[in-house]
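Inspection log for the structure reproduced underneath, given as structure tokens.
The values are calculated or read from the model by the stated rules, or taken from the named source; none is laboratory data. Here the structure is a predicted model, which means the values were calculated and not measured. Here the Cβ is made from the backbone with ideal geometry for all residues, glycine too, and neighbour counts use every protein chain on show. All accessible areas refer to the heavy atoms of the entire protein, side chains included, with ligands and DNA or RNA removed. Shrake-Rupley method; radii C 1.70, N 1.55, O 1.52, S 1.80 Å.
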Amino acid sequence: MMFINLLTFSLSMRYVYLIEIKDFNVPAEHMGYILNSFPSIADNCKADFSCPFKNVIENKVCWGYETHCYKNISYHVRPRCPGDHRGWVTTKEAQYDTFYTQADFGYVKEQIDELKVMCEASYLHDSSLECSKYLRFCRGRNLMLNFTGLVGRGDNLRYKMDILSEGQIGGYCNFYEGRLKSEAEHMSALQSWGPEMINFVKTPYRPIFDNVCDIVIEKPTYIMKLDATVNMYHHFCDFFNLYASLHVNSTHPSTFTRDNHILIWETFTYESAFKDAFKAFTSNQIWDLKKFRGKIACFRNVVFPLLPRMIFGLYYNTPLIYGCERSGLFHAFSKHILHSLKVKQQPRNNDKIRVTLLSRGTTYRTILNEKEIIEALIKVKEYHVQRVVYDKTIPFTKQLEITHNSDVFIGMHGAGLTHLLFLPDWAAVFEVYNCEDPNCYSDLARLRGLKYVTWEDKDKFVQQDEGHGPGGASHAKFTNYSFDVKEFLRLVEVCAYYVKSRQDFKNFIEASLLKHNHDEL
């Protein structure tokens, strides 16, 4: 085994942080970026004959947010801007740069560049706190959080902005109170850490050193405020922003390991059909606020990550510039999740296009003539067709495996289309009908860099009724549809043609067939 001795990033910890190379939780294709970010790791890899990453040590690559990280050596998946640079900018270069800052590793760089010290340490055991603009992201050392106010409040604390009151978060430091409060403009439960940070105070004691804590958390801790955990679109906005926050916080290689804690900022015991995704970030049990009810908790190192509903955040509320697509940050996130959950691309024994139709087991937005459409698709000899229902009977990792081994992914407007994040790079998405919400999944497909197709001719489908939304209002999301079969097949063929034209798909099929033939010999 190869070990790497590194001093921890905490000013308050002087012991040696022992990291084993296998503890790094990144895909092999990302190790070059890690080695370049942390030269001491690269040196140890060079010196150890068993290090499996020697072939990438000399590759001078960077994620995109580091100092002196130029475009030609940044993350290998970069934006494309084939569309007209109209509206916000006047040049193609500005169009590219805008998209990169809005939706790629440039967004991470912006958060890093905006970090301001709010609580400055002078000595080893002092506290510290720094936050990005509007308190979107914060990180601290030797901080005290007082949860005695949770006693008697019950177990229904979710989306609350009064978990803490004045003086219940703080540390011993040079506190720049005016600077912090000037950033507290976005005061909403899931927009910023403003509702919590405005209660920050300078304590008259060093919380950990002076033994005022009921419990001290030694391992790095990520405190998260979650969106709707029952909905894949919204919950994966949590996971995506946590991944982006790893990069914002990437001052030490332990950031890319899983020996940390995650604390959910509510008193409900965490449960979700998508909970396996947390395995990409921690190897420990997920905590909630009940663990600390009635206690003063102190954290050696704590991160308050980017949140799911930030103004101009990612990927909810993202204001994407026209004409650009393919974010390296979204690509890296996809690879990170798939790697962590051990989801593999399965070799093929033929060159058929794998068409997956996601069927909705819900009251609304079902395809009324789905059986007829599937029968028509099966008759196309170039397709391998499967119909799936992603419900609790199929484990989430199995769902990802099905998705990741699809070439054309089809579904009605709905959270299940978030699976497109985990399609192969050559894939196409067919949102059968966007139900008058045209940007949601088209933008997500654009961020992921995938071909996107949706229904174009409203004369070729039949809406069951006007739709019966909340409060009796009519809306296209609250009804069902029948689609012209011939037109449906035409749109699937548009997707299939795109997939077949992709060189990476051709390379994958060729490699698969070579392996299949070799295995048969």
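Tabulated data
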read-out	value
DSSP beta bridges in the chain [antiparallel fraction, %, rounded to 5]	45
Filter on Lys392/Lys458; Lys60/Lys109; Lys22/Lys71; Lys379/Lys486; Lys352/Lys451 - keep pairs with C-alpha separation over 22 Å	Lys392/Lys458; Lys22/Lys71
Cα gyration tensor shape for segment 132-188, rounded if a/c is under 1.5, else prolate or oblate	oblate
Test item: Cα-centred dipole of segment 248-299, Lys/Arg +1 and Asp/Glu -1 on Cβ, debye	160
Positive minus negative residues near Gln191 (Lys, Arg vs Asp, Glu; Cβ under 11 Å)	+2
Cβ-defined net charge surrounding Pro39, 13 Å radius [Lys, Arg +1; Asp, Glu -1]	-1
Label corresponding to volume of the Cα convex hull per residue in Å³ when calculated from the structure given, among [x] 153; [y] 176; [z] 276	[y]
Global geometry of segment 336-469, whether rounded, prolate or oblate, following the gyration tensor of its Cα atoms and the 1.5 cut on a/c	prolate
Leading residue at positive end of dipole, segment 373-462 (Cβ point charges), from Tyr433, Gln386, Ala445	Gln386
Dipole magnitude of the chain about its Cα centre (Cβ charges: Lys, Arg +1; Asp, Glu -1), debye to nearest 20	620
Accessible area of the chain belonging to carbon and sulfur atoms, whole % at 1.4 Å probe	51
The chain - Cys residues lacking any other Cys C-beta under 4.7 Å	Cys237, Cys435, Cys440, Cys495
Highest average packing first - 417-425, 402-410, Cβ atoms within 10 Å	402-410, 417-425
Global form of segment 5-156, assessed from the alpha-carbon gyration tensor, a/c cut-off 1.5	oblate
Net lengthening on full extension, Asp519/His68 (0.36 nm per residue, minus Cα-Cα)	157.7 nm
Amide H contacts of His384 (H built 1.01 Å from N, under 5 Å, at least 5 apart or other chain)	Ile353, Arg354, Val355
Mean Cβ neighbour count within 10 Å, used as a protection proxy, ranking 130-139, 67-76 highest first	130-139, 67-76
Separation in nanometres of the label points that stand 7 Å from Cα toward Cβ, at Asp259 and Lys379	6.1
Helix 105-114 vs. the chain, principal-axis angle (Cα, 0 to 90°, nearest 10)	20
Efficiency of FRET between Asn55 and Lys279 - r from beta-carbon atoms, R0 25 angstrom, step 0.05	0.35
In order through segment 31-39: 3J(HN,Hα) via Karplus (6.51 cos²θ - 1.76 cosθ + 1.60), integer Hz, x for Gly, Pro	5, x, 5, 5, 5, 6, 6, 10, x
Accessible area of the chain divided out per residue, in Å², using a probe of 1.4 angstrom	43
Which of Asn72, Cys62, Pro82, positive extreme of dipole for segment 55-96 (C-beta unit charges)	Pro82
